[in-house]
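The values are calculated or read from the model by the stated rules, or taken from the named source; none is laboratory data. As the structure is a computational prediction, the values presented were derived from the model and not from experiment. Every residue, glycine as well, gets a Cβ built from its backbone with ideal geometry; the counts of neighbours run over all protein chains shown. Ligands, DNA and RNA are excluded from the accessible area calculation, which covers all protein heavy atoms including side chains. Shrake-Rupley method; radii C 1.70, N 1.55, O 1.52, S 1.80 Å.
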Amino acid sequence: MTSCPFSRYLSTVRSEPPVVMPNDFIHVFTFKAPDALDLKALRNSTKAALKMLVPYCEPGRTGAIHPLSRIAQAYVRAIWLSVDAARQAYIIAGDAIALSKHVQGQKPPKELDNYARGMLALATKAEGTTQQVLTDFREVRQKVLSLIEKKKDSGNNKLVQALLRFTGHQSPLQQFESNITKYINWWTWIDLENGAQRASVEHLTFDYGALRNEEVVLKWGEIQGNFLNYFIEIVRLHDKSSTLLSITGAVRSNG
């Protein structure tokens, strides 16, 4: 794994044992790298959304404004899940690069397969994490809309106007949600590679031919670099805010 000031964040997620499901179907998994994802729009919308949310999360807000704090914190936790998925993507790409070296080094097939299953298990987990972000965002938005309906006739225009900021089409939150949908679509490479059998990794066989191709390995390297850059930039913003640190429960880096 690449050493960087944020390695304590990056090292906290590793490949997990695969989920075994009985299945007689055996599918061949190759390691062709997916297209590199343009993370610029996601990075910008993530930063804008967090900057918008922090003032509402600050301690000391009471009375009529208090519901905003709970809503803002729920949005922050959902956004941090997407950052965690980026960390996982960085690790997965690094696993693919490490596998290419093991393939060139003639590692025993059993060791290669065990490593590959760990990589695929983490990829499946990361795909699920990105799906959870969208689910959480939509659940919070429904709570916001419900609260607007309850409060719009109460005369509390200040609260209603603040709530409307969360749901407007030009809201940073809506921009983030749009970009996270594209982020989710990127993870379909797992489904295309592994078909309907992605939960049954014990029933996969692996074709390592692609990892002997320098262009494929370089593509995995590009993916790893893109996710690392995205992750570091968001973590730098996050680590400057004691409010964000307290909400996510993340460990402060030294960077």
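Once you've got the Cα coordinates, tell me which of K32/K101; K51/K151; K32/K107; K143/K240; K143/K182; K47/K240 are over 22 Å apart.
Over 22 Å Cα-Cα: K51/K151; K143/K240; K143/K182.
Ranked from highest to lowest mean number of other Cβ atoms within 10 Å per residue, what is the order of the peptides 224-232, 177-185, 150-158?
224-232, 177-185, 150-158
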Search the structure for amide H atoms under 5 Å from the amide H of F206, placed 1.01 Å from N in the peptide plane, and list their residues when 5 or more places away or on another chain.
F29
A 1.4 Å probe over the protein heavy atoms gives segment 129-179 a carbon and sulfur accessible-area percentage of 45
Write down the accessible area per residue of segment 63-106 in Å², having rolled a 1.4 Å probe over the full set of protein chains.
31
